[in-house]
Amino acid sequence: MKFSLMIPTRKRKEMLKTLLLSIYNTATEKHQVETLVTYDNDDTITINALPELKEVCKNYPVKFFSRERHYSINNAYYNDMARKASGDYLIAVNDDTVFTKNAWDVLTYNKLEEYLKDKPDRIVYGVTEDFEVEKSRNETNYFSCFPLLSKEVVRVMRFFFDPIFHKDTADWDLVMTYKELNRILNLRNEIEITHISYRSGRRPQDLLDSDVMPLPGHQPSAGRNTKRNVAHLREYISNYENIYKKNLQAIYSHPTRTWY
């Protein structure tokens, strides 16, 4: 599998269906794109819509997972799906989005593989286009609402988003981490994901926008944690040829890394 798209959802049947159709209508190698959808076990709207959603996606590799609702969208949803994902590249996606670039999967995969030809460790962060109107977009602004990471990143770090961030600012943490490593690849011309968010003014407020769970504050050690993550990845990259390539179990047995 080339790509795994990870989508947490709640009470957004029509938006989710539109998103799923857009993913596969624009993909060229449809069976190389795996979609993982996680919904809450108290979300009756999505639960009741499952037969319809599964019928719409019956010809594509879409998997649905149920879980108890949790306040940490990053750890409880995205990181959990990252453990289950089988794609070479993983993308975190919101349920209020639409894929609009035709052949995005082939264009993106080719660019990533070309970029990684001289990087055997395969550590990369990809910047997708999300058309957020409040953000200026240029070559030096690497922020993306829907980042892409290689499977190797998740294996080494044991998470997609650092669990210290429950929701907001996790994507900024990724920018800071991979900018330090000089492993950022601009994929805005290859992956276009229009964010139909309430905040951007593209749609009215819905049930989920007005039903936000309270989130605890970020831990004060977040900055130090980012530095540790950079150091861990830098160690992996610099020692890949003489250590990790010869002993791939080192990826899984690093003493400071456990699955969250």
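FYI, it's all coordinate maths here, none of it is from the lab. Values in this document were obtained by computation on a predicted structure and should not be read as measured data. Cβ atoms come from the backbone with ideal geometry, glycine included; neighbour counts cover every protein chain shown.
Candidate cross-link partners of Lys13 among the aspartates and glutamates, defined by an alpha-carbon separation under 15 Å and a same-chain spacing of 8 or more, comprise Asp40, Asp42, Asp43, Glu52, Glu55, Asp95, Asp96, Asp206, Asp209. A cut-off under 13 angstrom between Cβ atoms defines the neighbours of Phe165, and their net charge, with Lys, Arg +1 and Asp, Glu -1, is -3. Any aspartates and glutamates with Cα under 12 Å of the Lys151 Cα? List them, leaving off those in the same chain fewer than 8 positions away. Partners within reach: Asp88, Asp121. Using a simple spin-label model with pseudo-atoms 7 Å out from Cα toward Cβ, Thr100 and Arg155 lie 3.6 nm apart.
Seen from Tyr125, the other residues with C-beta closer than 9 Å to its C-beta sum to a net charge of +2, counting Lys and Arg as +1 and Asp and Glu as -1.
Label sites at Thr169 and Asn41, each approximated as a point 7 angstrom past Cα along Cα to Cβ, lie 3.2 nm apart.
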